[in-house]
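J.: One structure, as structure tokens, below. Some questions next.
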Amino acid sequence: MTTIVPTSEEDPFLAVVRFTSQLAWADAGPEAAEPEITRLCREAEESIVKEKWLELSTLMVTSAELVSSKISEKDLECTYTIICSIVKKVTSPEEVLEIVKAIASKVAQQPSDKASLRLKILFNLYNLVDHPYARFQVYMKALTLAVDGKVTEYIVSSFKKVDNFLKEWNIDIKDQRELFLAIANVLKENKSLVNESLKFLTKYLATFSNEDTQVLDEAKEEAVRAVIEFVKASTIFQCDLLDLPAVAQLEKDAKYAPVYQLLKIFLTQRLNAYTEFQNANPEFLQSYGLADEDCVSKMRLLSLVDLASDESGKIPYASIKDALQVNEEDVELWIVKAITAKLIDCKMDQMNQVVIVSRSSEREFGTKQWQSLRTKLATWKDNISNIITTIESNKVTEEGSQASSSSAAAIQGLSVR
């Protein structure tokens, strides 16, 4: 296999054009090939001399893609390393952005051909570019390529740096939406990453605030998807979807109102409400790929969390039996399940048939929960202030007593002398 080895005798860009054009026309015969190879090389030379870098990059990536399936991964990587280096020749930010778009689009165009290598090429291009928005464009193409080429495992680790990326790229809300949704779609491909997928899907939906109806309508399908993902996830018991405008719009939607109703049940109500919903909408669960048995199990745990949130901190076994709709002998089993899921911390008093709760999770964390937290923090602050005041008062009293004792001793000493 031919390998590109740029030398001082020929410009590396021209060497790539010659290499790819020769391969592209190899089967046409010398008479047909030579004129085309000469033409392409001449166009490349003119672009180099006149510094028409966008035209050169377009010519080079087009030629490279024509022969990408015919050359080794090593040769393709070498070819694109030289092509991508064009961005270092350009000083105009606008032209850099156009060149990056041209290269990235072509690289991501054939995801079924050497997908992992193409992803590596995009990463190399990303690192070569200094333009923040151009970097964002490359990253978005990498996300698309990862999904289409089924190589998402190579890009998932970068999601931990998304907050830093956002600061660097300084992109607007529309681009943020595109980014969060693309990441959620990448994570959706891996069933073990459902929690992370829902996290970014929620970030996407949270970007819709006081939008008009037409804009909110764009998020409707993804809002439904987020609700179903939450309900289906066996390890997620808390979310902030309910009050998001993009999700709240479902409540008044003729088609999706039951979806919102189900979310409300899972976040604010108990098993009996779910049972009533299921009886009223017998075909609903199946239409969204949900299983009644799984929903019942999750609602039992959530119902137990709701019981545990009672300020008294004590739950009679009988209350658990009724709320979870289980037999008496299964009550402790569900308590253990809730503890295992880290939904509650508690002790079981078998003699008195009560559960003593020391901590319980919140099913949602909205305005009500923030107000409750504020009240608790204010109480904690007042208690600390009272303790400090008491300590300082005792300290003053103690110092006064010590001073009095010292004065008495001094006087007594004078009288003796």
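The values are calculated or read from the model by the stated rules, or taken from the named source; none is laboratory data. Computed from a predicted structure; not experimentally measured. Neighbour counts run over all protein chains shown; Cβ positions are idealised from the backbone, glycine included. Side chains included, ligands, DNA and RNA excluded: accessible areas come from the protein's heavy atoms. Shrake-Rupley method; radii C 1.70, N 1.55, O 1.52, S 1.80 Å.
J.: Enter the accessible area per residue of the chain (Å², integer; probe 1.4 Å; all protein chains in place).
T.: Ligands and nucleic acids excluded, the figure is 56 Å² per residue.
J.: Can you give me the solvent accessible area of Asp175 with a 1.4 Å probe, rounded to the nearest 10 Å²?
T.: The accessible area of Asp175 comes to roughly 20 Å².
J.: Expressed as a whole percentage, what fraction of the accessible surface of the chain belongs to carbon and sulfur atoms when a 1.4 Å probe is rolled over the protein heavy atoms?
T.: 51 percent
J.: Could you grab the relative contact order for the chain? Cα pairs under 8 Å, six or more apart, rounded to a whole percent. Numbers along the way, then the final one.
T.: Values: 426 pairs, mean separation 32.2, N = 417.
Result for the chain is 8 percent.
J.: Using helices alone, I'd like the mean residue ellipticity at 222 nm for the chain: each DSSP H run of four-plus residues gives -39500 (n - 2.57), total over residue count, nearest 500.
T.: Using -39500 (n - 2.57) per qualifying helix, the result is -21500 deg cm²/dmol.
J.: What's the whole-number percent of alpha carbon pairs in region 54-140 lying beyond 17 angstrom?
T.: That fraction is 39 percent.
J.: Take the Cβ-Cβ distance between Asp292 and Glu46 as r, set R0 to 56 Å, and report the resulting FRET efficiency rounded to the nearest 0.05.
T.: With a Förster radius of 56 Å, E is 0.20.
J.: How large is the dipole of the chain about the Cα centre if only Lys and Arg carry +1 and Asp and Glu carry -1, each at its Cβ, rounded to the nearest 20 debye?
T.: Roughly 1160 debye for the chain.
J.: What's the FRET efficiency of Ile228 with Glu276 using the Cβ-Cβ distance as r and R₀ = 22 Å, to the nearest 0.05?
T.: Rounded to the nearest 0.05, the efficiency is 0.65.
J.: Okay, next question. Lys264 versus Val162, label points 7 Å from Cα toward the beta carbon: distance in nm?
T.: Result: 2.9 nm between the two label points.
J.: Using the Cα gyration tensor of region 1-156, with a ≥ b ≥ c the square roots of its eigenvalues, what is the shape: rounded (a/c below 1.5), prolate (a/b larger than b/c) or oblate (neither)?
T.: Oblate, since a/c reaches 1.5 and b/c is not below a/b.
J.: Percent of Cα-Cα pairs per 10 Å bin, from 0 to the last occupied bin, for region 126-170, please list those.
T.: It works out to 26, 55, 19, in whole percents.
J.: Now for a separate question. How would the chain be classified by its alpha-carbon gyration tensor: rounded, prolate or oblate, with rounded meaning a/c under 1.5 and the a/b versus b/c comparison settling the rest?
T.: Oblate is the answer for the chain, as a/c is 1.5 or above yet b/c matches or exceeds a/b.
J.: Any idea of Trp25's accessible area? Nearest 10 Å², probe 1.4 Å.
T.: Solvent-accessible area, nearest 10 Å²: 90 Å².
J.: Could you please put Tyr274, Tyr126 in sequence from largest to smallest accessible area, using a 1.4 Å probe?
T.: Numbers: Tyr274 5, Tyr126 30 Å².
Listed by decreasing accessible area, they come as Tyr126, Tyr274.
J.: Extension gain Asp243-Glu31, at 0.36 nm per residue separation less the Cα-Cα distance, in nm?
T.: That pair, Asp243 and Glu31, stretches by 69.3 nm at full extension.
J.: Starting from the alpha-carbon convex hull of region 255-325, give the projected area averaged over all orientations, in nm².
T.: Mean projected area for region 255-325: 4.8 nm², to one decimal.
J.: With label points built 7 Å along Cα→Cβ from the Cα atoms of Gln110 and Asp345, find their separation and express it in nm.
T.: 5.9 nm
J.: Going by average Cβ neighbours within 10 Å, how do the peptides 128-134, 357-363 rank, with the highest at the top?
T.: For the peptides 128-134, 357-363, the packing ranking is 128-134, 357-363.
J.: What shape does region 101-152 take by its C-alpha gyration tensor, where a ≥ b ≥ c are the square roots of the eigenvalues and a/c under 1.5 counts as rounded, a/b above b/c as prolate, and the rest as oblate?
T.: Since a/c reaches 1.5 and a/b is larger than b/c, the shape of region 101-152 is classed as prolate.
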